[in-house]
Amino acid sequence: MLNRFFNKNLKSNDPKVRIRTKEELQIRRYEFLKICEILDKLNIRYFLQGGLLLGAMRHNDFIPWDWDAELGVFTNEVSPKIELLINEIILSGFTIKKHVEELSRLKIDFIGKLPGDVTSYTIMAYNHDKKKKIFWRHTFKIPDHFLINMKKIKLFDRYHLVQTPPEKFLEHQYGDWKKPLQTSNKYIYLNKDYSGMNFTLDTIKKVGYPLISYITKISLISYLVKFYKKKRKN
């Protein structure tokens, strides 16, 4: 019934956010709980991240069109056990797609039975800056009061740690989190205060810098051609 509602009212042309089938979501649920068991086995605390938390609070389930499942961990707890964690993930039947051990970006991206464009998993680590009173990774910042005294909520017959209070954290991350947005565009669904992303600056980095580099190369080639022709005349 929920899937029919979203198919009717929240259609999107973006294939990344298509409504997942019942079978795909069942596989995701099984694999997600397996990942939780791995982290518990290694005594690594985790908390629900992104669409997982949003789905738990808004749907009491996965978001039907979400493409990944993200879990947050703490850098000081996961870093010494990163190799053990990767080995356990592989032994449990998952495939590692990418992992970053740099402390400011520490994360593991992996997939299970389904292709990555259907369901992918990420375990991402956060650092604590006590002076600034934030937990952070890359450009993402979380006021530390959300993570210092976390509580647990129930999802899929199991209790998981979440940022507390979760409703306030979701406001910090998404703004109006109760309004469904069927999009994969982070500039639309994420709050800038949380993500640290700036569309204008990011566009300049992605488009402007390569363009400047290209123009510089063309100018250099043009200069060398003129210099060579001038030298031949002499």
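Throughout, read-outs are computed from the coordinates displayed, never taken from laboratory work. Keep in mind the model is a prediction, meaning the values are calculated, not measured. Note that each Cβ is placed from the backbone with ideal geometry, even for glycine, and that neighbours are counted across all protein chains shown.
Taken over region 2-196, the ratio of Cα radius of gyration to 2.2 N^0.38 Å equals 0.99. Ranked by how many other Cβ atoms sit within 10 Å of their own Cβ, fewest first, the residues Leu103, Leu91 fall in the order Leu91, Leu103.
3J(HN,Hα) along region 165-174: x, x, 5, 5, 5, 5, 5, 5, 7, 10 Hz, from the Karplus curve 6.51 cos²θ - 1.76 cosθ + 1.60 with θ = phi - 60°, whole Hz, x for Gly and Pro.
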